[in-house]
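*Asks:* Structure in structure tokens, see below.
Readers should treat all values here as calculations from the given coordinates under stated rules, not as data from a laboratory. None of the values given here were measured: they were computed from a predicted structure. A quick note on method: Cβ atoms are made from the backbone with ideal geometry, for glycine too, and the neighbour counts reach across all protein chains shown.
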Amino acid sequence: MKAPVRVAVTGAAGQISYSLLFRIAAGEMLGEDQPIILQLLEISPALEALNGTVMELEDCAFPLVSKIIQTDDPNIAFKDAEFCILVGARPRGPGMERSDLLEANAQIFSIQGKAISDNADSNVKVLVVGNPANTNALIACRNAPNLKPSQFTAMTRLDHNRAIAQLAQKCGYHNSDVSGLIIWGNHSATQYPDIHHCTVAGQPATDLVEVSWIVENFIPTVQQRGAAIIKARGLSSAASAANAAIEHMRDWVNGTNGGMVSMGIYSDGCYGVEEGLVFSFPVICEGGSYSVVQGLPINDLSQKLIKKTEVELKEEKEGVSALLP
Ligand code: NAX
């Protein structure tokens, strides 16, 4: 049996974690031969609810779970962690402006970035799910001087999966027939789901659908999917978000076999995107790391939409500049 690895999850009493933790514990993220120690972080008022989730985890008697730690101290939660999934975030409350939300989360993610830097394993892989995910990841990264920016990522895999499902349905094929999809930019309504490099059962996606469908239907549907789920369910996406987090981490560790996926990563300036934003790019994962797929031709429509989401991320960054060392 392998030695257990430490997986830290924040917001562990919340609804995404209620799906995520059980799937991690079942081995779906790191494999069915990898024992784990779960290190769960919550704010103090939610520790009792967290204890309820932990009681249920215990009641599953998962063979892979060696130990479960529950805490409201980030320094304990991130101690020696090899994987940190930052789900917990401050939701928008009544009367809160977007800038207030950015600011409140910036406080949380600067503290957590520092705690990860001070305590986690030096090769830790960090995934930020809590919104605004890209800018939260940037703040955590900039507050983690002992780690490399490439160790911090933001989740756009849910958007990626949503886009695959929409395209497959439209073309009458299965999700697994779609490859080469890209989410560019921010996990927000400005994200750009791009099918120009996509194939569906080996055929170029752009041969199978009209441009008008892409612009008027596909892009807004993917951009607004989160809101549509809230409207239908009365709650935000949870199981699909947990699924995307599992896939993001699993692919980062195990690789994508040459396949392209979308990850929010620290921009090095490629594709003309400002360096130092956390921006979703097409990546290939191999050997425990990811690299951006370079040199894809970008048409005028794509260029315009990539710019738009970049502008939003620059504004978000500007809004939290005081917390960026
Ligand atoms: P919930 O409100 O159910 O759970 C969030 C949990 O985080 C709560 O239990 C809360 O006590 C905890 N928390 C708050 N501040 C914390 C802190 N400083 N340290 C530790 N825990 C803290 O939200 P849930 O539905 O689970 O969603 C969590 C986050 O994911 C939200 O920010 C949400 O907007 C975001 N999402 C991101 C997605 C993505 O694709 N990147 C998609 C799904 C989701 O909307």
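*Asks:* Going by average Cβ neighbours within 10 Å, how do the peptides 95-107, 248-260 rank, with the highest at the top?
*Replies:* Values: 95-107: 15.4, 248-260: 17.0.
Ranked by mean Cβ neighbours within 10 Å, highest first: 248-260, 95-107.
*Asks:* For the chain, give the share of DSSP beta bridges that are antiparallel, in percent and rounded to the nearest 5; count only bridges with both residues there.
*Replies:* Values: 19 of 42 bridges.
If we restrict to bridges inside the chain, about 45 percent are antiparallel.
*Asks:* Once the principal axes of the Cα atoms of the chain are found, what is the range along each, listed largest first in whole angstroms?
*Replies:* 52, 44, 39
*Asks:* Run the numbers on the range 186-325 and let me know its relative contact order in percent, using alpha-carbon pairs under 8 Å that are six or more apart.
*Replies:* Relative contact order for the range 186-325 comes out at 23 percent.
*Asks:* Given a cut-off of under 8 Å on Cα pairs at least six residues apart, what relative contact order in percent is computed for the range 63-172? Could you put the intermediate results ahead of the total?
*Replies:* On the way: 141 pairs, mean separation 29.1, N = 110.
Normalised by residue count, the contact order of the range 63-172 is 26 percent.
*Asks:* Local charge sum around ILE306 (other residues, Cβ-Cβ under 12 Å, Lys/Arg +1, Asp/Glu -1)?
*Replies:* Within the 12 Å Cβ shell, the charges total -2.
*Asks:* Using a Cα distance threshold of under 16 Å, what count of lysine pairs results for the range 60-219 when pairs must be 8 or more residues apart or interchain?
*Replies:* Eligible lysine pairs with Cα atoms under 16 Å apart amount to 6.
*Asks:* Considering only DSSP states other than H, G, I, E and B, which trypsin sites (Lys or Arg not before Pro) in the range 139-203 qualify as loop sites with at most 13 other Cβ atoms within 10 Å?
*Replies:* Here no trypsin sites (Lys or Arg not before Pro) fit, given the DSSP loop and packing criteria.
*Asks:* Ratio of Rg to Rh for the range 1-132, alpha carbon only, Kirkwood? Numbers along the way, then the final one.
*Replies:* Working: Rg = 14.7 Å, Rh = 15.0 Å.
The Rg/Rh ratio comes out at 0.98.
*Asks:* Under 19 Å Cα-Cα from LYS231, which aspartates and glutamates qualify once same-chain neighbours fewer than 8 residues away are excluded?
*Replies:* In chain and number order, the partners are ASP159.
*Asks:* Oh, and also: By how many degrees, between 0 and 90 and to the nearest 10, does the Cα long axis of helix 47-59 differ from the longest principal axis of the chain?
*Replies:* Value to nearest ten degrees: 90.
*Asks:* Another one. Can you tell me the orientation of helix 300-319 relative to the chain, as the angle in degrees between its alpha-carbon axis and the longest Cα principal axis, to the nearest 10?
*Replies:* 30
*Asks:* Taking the alpha-carbon distance from LYS307 and a cut-off under 15 Å, which aspartates and glutamates remain once sequence neighbours fewer than 8 residues away in the same chain are dropped?
*Replies:* By straight Cα distance, LYS307 reaches ASP194, GLU274, GLU275, GLU315, GLU316.
*Asks:* Just order 15-27, 41-53, 229-241, 74-86 by mean Cβ neighbour count inside 10 Å, highest at the front, would you?
*Replies:* Answer by packing, highest mean first, reads 74-86, 15-27, 41-53, 229-241.
*Asks:* Please give the helix 15-25 orientation as an angle from the longest Cα principal axis of the chain, in degrees from 0 to 90, rounded to the nearest 10.
*Replies:* For helix 15-25, the angle is close to 80 degrees.
*Asks:* Expressed as a rounded percentage, what relative contact order does the chain have, with Cα pairs under 8 Å and six or more residues apart?
*Replies:* 17
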